[in-house]
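Worksheet: the structure to be examined is printed underneath.
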Amino acid sequence: MWSPRLILLTIGSVLVSALWSCSEAPSPMESAESSPTARTADDAILESAEVEVTTTLPSLQERDYVAPLADAYSRIDPTTDGWDTEAFHEQAVDILGALAKQLMTPDKSITLPMDSSFQTSAWVPPTTTDLAVGAPLIQITRLDPAQGALPLSLNGSNGLTQAATHFQSLFAEDLQVKFKHYRIVPEDAQVGSRIRVEAKGYDGNHRKVQVTAEWDATWTPTTPPTLRSIQVAEWEKVVYQGDTSTLFEDRTALVMDKNPAFREQYLRGTDHWRKRLPRVLGLDVVANHGLALGDINGDRLDDLYICAQGGLPNRLFLRNPDGTLKDITESSGTGWLDYCASALLIDIDNDGDRDLVVGQEWRILFMDNLGDGKFELAFGIGTHAQTFSLAAADFDVDGDLDVYVCGYNPSADNARSGEMGEPMPYHDARNGGRNMLLRNDGNWEFNDAAEATGLNQNNDRFSFAAAWEDYDNDGDLDLYVANDYGRNNLYQNTNGRFKDVADMLGIEDMSSGMSVAWGDHNRDGLMDLYVSNMFSAAGNRITYQRQFKTSEDADTRSIFQRHARGNSLFEGIGNGAFQDVSVEADVTMGRWAWASNFVDLNNDSHLDLVIANGFITTEDTGDL
């Protein structure tokens, strides 16, 4: 197998690089297994007194930047272009961060920079409403919305200590607190702000406890600012009352640890591989790569296929009867080294076993399941755009599965030139890659039917994900497409012909569409639609300021505000119509959301929502 290895050495002031790519050279995985010293080769280089490990490049001292970079550096200080509210936010966040540390430290006195007239409400409501949802495993209590915000009943530092102590008493151990400052309202002599409070830990019975609240705060805009008041506007406590302290337990290591690839590939972060593999192989900071589940050998146990970044192999794991996984990548012939973001394990040829569809950057590969865990490439086709996800369905009701391909960047030239700055315009992009509908014509032949079926309507966006569902109950499958940087699509299927009706139904959801899920969350027999986007605290602050996009009209400004709101829930109300219940259902806050799905987690017959979120793993206090 072709195995790239990149070696960078600094000898004196000379940088020497070598890329080995021959079949005789061992892969990083093989080398690590065969030689006890291979994994410490980098350390040996660093420890060598003969090699100068670091040197300062002259360009690092250069401060005469090119125009775009100079502009970016000039905007680091928000006050240089009039964003005093962001400067205020940075100071307020420091204060809130200090408060969080005090709350998490037992017996720590609580102090805040406050006005002499400081007031606060109780941080724990004296009366709450119990909710039956989730019982008996999950107990939920909330502040009654009809009650309104809690009154400002406590004064000064003594009132602050009383409120904080009562809050801390909900947790007996492992208290963790975070504040998210996401709305700023400057007034004449004070600044108002909205703060999201998230706390978790264990109570005295070692039950998992989670508290989520919304605070309305007022500040005196001095440097640094001082607090005038804290008022609890919303409050919710969730207690897990199962036999163990949490509903889920991480079993990844238990099922994967017998495979060398788990330690040598999956336990290493992107930064590790960026030092070892060239980016031209497909290595990317944005590692949005999927997986597929399916029984490939007929033992009625789901097996697992995991996609990887370019230069690292995709892997196929067979599930053992005891629940552990066995790596059969090499024998199966499925270890593609190209950049792959998605895959499907589905029966393409109707022979009763699961075949494999792999979405590489610029082609789709169809692999025939030969039995005994072996696959063979049966068909491949190039795409019009960088592929991010796949969705299979029998759209024409002819008895075989077809595949919809979501495309992102329209050409290889800008596939890895940076995720930002490409869409035009940002909030309503129309220059994205073209999606494909690969119609299954039998005998392992697929043809793009997007034009013939009407799916080329509005087919010019940066698509992340799609999901099939018969939302109008007419017997054929319709298709919702979540697009980054703009409007989403709902293609209504009428006898194999599609029409984009998202605008007509009010579900274009102009935001950073990442995923889509269908489910009947309120059990009324009508399908509901959940779309994951990005909640941005900075966006919620900035887009509501007077100086934001002053040259644009109110409608355009509201679109940017919508971008920052977060996820969306559209409820089916009959006759194929929907209503936006996102805010009422309190499902907008999904952070930087990627995948999402409806699933009944606690077997109470109500569909719950699971959302995968995050971006860069670090101690960042921003929108992650």
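The values are calculated or read from the model by the stated rules, or taken from the named source; none is laboratory data. Since the model is a prediction, treat every value here as computed from it, not as a measurement. Backbone-built Cβ (ideal geometry, glycine too); neighbour counts: all protein chains shown. Quick note on the areas: whole protein, heavy atoms, side chains included, nothing else; ligands and nucleic acids left out. Shrake-Rupley method; radii C 1.70, N 1.55, O 1.52, S 1.80 Å.
Based on what the data block shows, is residue 161 among the hydroxyl-bearing types (Ser, Thr, Tyr) and under 35 Å from the mean Cα position of the chain (by Cα)?
no
Within the stretch 453-474, identify whether any single residue is outside any loop (DSSP other than H, G, I, E, B) and farther than 23 Å from residue 532 by Cβ, and answer yes or no.
Scanning the stretch 453-474 turns up at least one residue that is outside any loop (DSSP other than H, G, I, E, B) and farther than 23 Å from residue 532 by Cβ.
Out of 534, 514, which single residue is within 22 Å of the chain's Cα centre (by Cα), surrounded by fewer than 24 Cβ atoms within 10 Å (Cβ to Cβ) and not β-branched (Val, Ile, Thr)?
Being within 22 Å of the chain's Cα centre (by Cα), surrounded by fewer than 24 Cβ atoms within 10 Å (Cβ to Cβ) and not β-branched (Val, Ile, Thr) holds for just one of 534, 514, which is 534.
Taking the stretch 341-354 only, how many residues are open to solvent by 50 Å² or more (accessible area, probe 1.4 Å) and either at negative phi or in contact with a Ser or Thr (Cβ under 7 Å, 6 or more places away or on another chain) (or both)?
3
Give 372, 398, 394 a once-over and let me know the one that is more than 21 Å from residue 329 (Cα to Cα), touching a residue at least 60 places away in the same chain (Cβ under 8 Å) and more than 28 Å from the chain's Cα centre (by Cα).
Going through 372, 398, 394 in turn, just one is more than 21 Å from residue 329 (Cα to Cα), touching a residue at least 60 places away in the same chain (Cβ under 8 Å) and more than 28 Å from the chain's Cα centre (by Cα): 394.
Give me the residue from the stretch 232-261 that is in a strand (DSSP E or B) and among the aromatic types (Phe, Trp, Tyr) and, out of that set, modelled with the lowest pLDDT.
240
Can you pull out the residues in the stretch 474-487 that are in contact with a strand residue (DSSP E or B) (Cβ under 6 Å, 6 or more places away or on another chain), touching a residue at least 24 places away in the same chain (Cβ under 8 Å) and either open to solvent by 20 Å² or more (accessible area, probe 1.4 Å) or among the acidic types (Asp, Glu) (or both)?
476, 477, 484
Select from the stretch 370-388 the residues that are touching a Phe, Trp or Tyr at 6+ places or on another chain (Cβ under 7 Å) and open to solvent by less than 20 Å² (accessible area, probe 1.4 Å) and list them in ascending order.
Hits for the stretch 370-388 are 385, 386.
Residues checked against (1) at pLDDT below 85; (2) surrounded by 21 or more Cβ atoms within 10 Å (Cβ to Cβ):
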position: 526; (1), (2): no, no
position: 541; (1), (2): yes, yes
position: 544; (1), (2): yes, no
position: 556; (1), (2): yes, no
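Return the residue satisfying two criteria in turn: it lies in the stretch 453-467 and is free of Cβ contacts under 8 Å to residues at least 40 places away in the same chain and of a type in the set (S, T, N, Q), and of such residues it is surrounded by the fewest Cβ atoms within 10 Å (Cβ to Cβ).
Once the filter is applied, the top-ranked residue is 456.
Does residue 568 satisfy the condition of being open to solvent by 60 Å² or more (accessible area, probe 1.4 Å) and either within 25 Å of the chain's Cα centre (by Cα) or at pLDDT 80 or above (or both)?
Taking the combined requirement at face value, the residue does not satisfy it.
Mind checking which pairs have a first residue in the stretch 489-508 that is of a type in the set (S, T, N, Q) and a second that is open to solvent by less than 50 Å² (accessible area, probe 1.4 Å) and outside any loop (DSSP other than H, G, I, E, B), Cβ under 6 Å, 6 or more apart or different chains?
Once the first residue is of a type in the set (S, T, N, Q) and sits in the stretch 489-508, its partners that are open to solvent by less than 50 Å² (accessible area, probe 1.4 Å) and outside any loop (DSSP other than H, G, I, E, B) give 489/481; 489/500; 489/502; 492/478; 493/478.
Quick one: count up the residues across the stretch 262-307 that are within 18 Å of residue 251 (Cα to Cα), open to solvent by less than 50 Å² (accessible area, probe 1.4 Å) and part of a loop (DSSP other than H, G, I, E, B).
Number satisfying all stated conditions: 1.
Being of a type in the set (Ser, Thr, Tyr) and open to solvent by 30 Å² or more (accessible area, probe 1.4 Å) is the filter here; which residues of the stretch 310-340 pass it?
Listed by number, the list holds a single entry, 331.
So which residues in the stretch 222-245 are buried (at least 16 other Cβ atoms within 10 Å of the Cβ) and touching a helix residue (DSSP H, G or I) at 6+ places or on another chain (Cβ under 6 Å), if there are any at all?
225
Would you tally the residues in the stretch 89-126 being out of contact with any strand residue (DSSP E or B) (no Cβ under 8 Å at 6 or more places or on another chain) and at pLDDT 95 or above?
Summing the residues that are out of contact with any strand residue (DSSP E or B) (no Cβ under 8 Å at 6 or more places or on another chain) and at pLDDT 95 or above in the stretch 89-126 gives 0.
Which numbered condition in (1) surrounded by fewer than 18 Cβ atoms within 10 Å (Cβ to Cβ); (2) in contact with a helix residue (DSSP H, G or I) (Cβ under 8 Å, 6 or more places away or on another chain) is the only one that residue 248 fails?
With respect to (1) surrounded by fewer than 18 Cβ atoms within 10 Å (Cβ to Cβ); (2) in contact with a helix residue (DSSP H, G or I) (Cβ under 8 Å, 6 or more places away or on another chain), residue 248 is out only on (2).
Filter the stretch 138-160 down to the residues that are part of a helix (DSSP H, G or I) and open to solvent by 60 Å² or more (accessible area, probe 1.4 Å), then identify the one that is farthest from residue 227 (Cα to Cα).
Of everything passing the filter in the stretch 138-160, 146 is farthest from residue 227 (Cα to Cα).
Mind checking whether some residue in the stretch 497-509 is closer than 19 Å to residue 614 by Cα and touching a Lys or Arg at 6+ places or on another chain (Cβ under 8 Å)?
Scanning the stretch 497-509, I find no residue that is closer than 19 Å to residue 614 by Cα and touching a Lys or Arg at 6+ places or on another chain (Cβ under 8 Å), so the answer is no.
It is to be established whether one or more residues within the stretch 440-452 are surrounded by 24 or more Cβ atoms within 10 Å (Cβ to Cβ), modelled with pLDDT of 95 or more and touching an Asp or Glu at 6+ places or on another chain (Cβ under 6 Å).
There is at least one residue in the stretch 440-452 that is surrounded by 24 or more Cβ atoms within 10 Å (Cβ to Cβ), modelled with pLDDT of 95 or more and touching an Asp or Glu at 6+ places or on another chain (Cβ under 6 Å).
Would you check if residue 203 is surrounded by fewer than 19 Cβ atoms within 10 Å (Cβ to Cβ), in contact with a strand residue (DSSP E or B) (Cβ under 6 Å, 6 or more places away or on another chain), within 25 Å of residue 138 (Cβ to Cβ) and of a type outside the set (Lys, Arg)?
It is true that residue 203 is surrounded by fewer than 19 Cβ atoms within 10 Å (Cβ to Cβ), in contact with a strand residue (DSSP E or B) (Cβ under 6 Å, 6 or more places away or on another chain), within 25 Å of residue 138 (Cβ to Cβ) and of a type outside the set (Lys, Arg).
Can you confirm whether the stretch 203-215 contains a residue that is touching a residue at least 40 places away in the same chain (Cβ under 8 Å), farther than 30 Å from residue 316 by Cα and not β-branched (Val, Ile, Thr)?
So far as the stretch 203-215 goes, yes, one or more of its residues are touching a residue at least 40 places away in the same chain (Cβ under 8 Å), farther than 30 Å from residue 316 by Cα and not β-branched (Val, Ile, Thr).
Which residues, counting only those in the stretch 95-121, are open to solvent by less than 30 Å² (accessible area, probe 1.4 Å) and either touching a helix residue (DSSP H, G or I) at 6+ places or on another chain (Cβ under 9 Å) or part of a loop (DSSP other than H, G, I, E, B) (or both)?
Residues satisfying the conditions are 99, 102, 103, 110, 112, 118, 120, 121.
Could you grab me the full set of residues in the stretch 161-198 that are open to solvent by less than 70 Å² (accessible area, probe 1.4 Å) and of a type in the set (D, E, K, R)?
180, 183, 194, 196, 198, listed by residue number.
Quickly run through the stretch 355-369 and pick out the residues that are of a type in the set (A, V, I, L, M, F, W, C) and open to solvent by less than 40 Å² (accessible area, probe 1.4 Å).
Correct list: 356, 357, 358, 364, 365, 366, 367.
Residue-by-condition table, conditions (1) of a type outside the set (S, T, N, Q); (2) within 27 Å of the chain's Cα centre (by Cα); (3) surrounded by 24 or more Cβ atoms within 10 Å (Cβ to Cβ):
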site	(1), (2), (3)
469	yes, yes, no
472	yes, no, no
489	no, yes, yes
495	no, no, no
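Would you call residue 107 at positive phi and not β-branched (Val, Ile, Thr)?
yes
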